[in-house]
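Worksheet: one structure, shown below.
Where a number appears in this text, it was derived from the coordinates with a stated rule and is not lab data. These figures come from a predicted structure and were not determined experimentally. Here the Cβ is made from the backbone with ideal geometry for all residues, glycine too, and neighbour counts use every protein chain on show.
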Amino acid sequence: MHFFTAVFAWLLLGLACAPGASAETYGAVGAEGAGLRAQQWLVPSGDAAVAAHAILFRPAGDGPFRLAVIAHASTQNVLRRAQMPQPDYKPLAAFLVSRGFAVLVPERPGHGATGGPYIEDQGGCDEADYARSGRVTADEIAAVLRFMRTQPFVQPDRAVVIGHSAGGWGALALSRSDPREIAAIVAFAPGRGGHANDRENEVCAPHTLLAAAAAFGKAARVPVTWLVAANDTYFPPELSRRLADAFRGGGGRVQFSVLPASGSEGHWMAETETGVRLAEAALTRALELDASRTGSEKTADKKAAEKP
């Protein structure tokens, strides 16, 4: 009984925060912490009525810094979403801050303290609408990017989006963006519908997931680095490779890598120090992609920027 009372309280807290979000609502909440200058923020969420809770990390100084937005994983289970603690991806944030990025980790609607409606719902297992859910998540990430670009310490161009699981799926949909605004996307085990019925290595409607990946690739303009651990049981390497191939077949540019096993469940590698160390070389290549492009790659980016 106490468990459900606690969950209900979380839901009420989210709903209480939801109404009337406005420009005056957004911004820093409280002082910076030590080390990575961690600070609580409220930011737009993609739902006009909901202000999203977020954590901002940044280097010393006034900037302007390049921006990195980390999009978190999700679950279809309403109770687990309501209890979700504020994601921070601190090891990954530390990696990015050390390379000069301001890093924002926003919590999307329907999760934890942010609350509000779960607007990225994919639907039931057999009739899952993965294309729609990915595009909604992309819109949620885009709302945060637009707001953060107005901050004086943020460089308005060449942002990086790093997504994990459902957040990575939304990042794939966001690859339709102008590459002058988003220089690179890194997706850790992107997908939805993993652990179907709580069973390892089972995914709801994988054919629908593949079709959606191809559709995202058709609209893609931003290069994607796609990473999966060898022991990921949500979107195993074989399925992840097929998804990346579908994205590439649709027209997207993607660098796919299977990384060594990470911990007892590789799906969570983006959240751990060990996982970030395993991904360090791939992350470094992705972040430096913009600075090290050949003439032909820059021409490809110019054409992508002009793509309708």
Counting Lys and Arg as +1 and Asp and Glu as -1, what is the net charge of the other residues whose Cβ lies under 11 Å from the Cβ of R81?
-1
Could you calculate the contour length gain from N77 to E280, that is, 0.36 nm times the residue separation minus the distance between their Cα atoms, to one decimal place in nm?
69.9 nm
Other-chain or far-sequence residues with amide H under 5 Å of S262's (modelled H):
A230, N231
With label points built 7 Å along Cα→Cβ from the Cα atoms of E200 and A230, find their separation and express it in nm.
1.5 nm
Alpha carbon centroid spacing (whole Å) that separates region 158-196 from region 101-143:
12 Å
At R99 and A261, where each label point lies 7 Å from the Cα along Cα→Cβ, what is the point-to-point distance in nanometres?
2.7 nm
Averaging sequence separations of C-alpha pairs under 8 Å and six or more residues apart, then dividing by the length of region 14-137, give the relative contact order as a whole percent.
25 percent
First check a/c for region 2-306, with a ≥ b ≥ c the square roots of the eigenvalues of its C-alpha gyration tensor; if it is under 1.5, answer rounded, and if not, answer prolate when a/b is larger than b/c or oblate otherwise.
rounded
Using per-residue counts of other Cβ atoms within 10 Å, averaged over each peptide, order 86-92, 185-191, 72-78 from highest down.
185-191, 86-92, 72-78
How far is it, in nm, from the label point at A211 to the one at V29 when both lie 7 Å from their Cα along the line to the Cβ?
4.0 nm
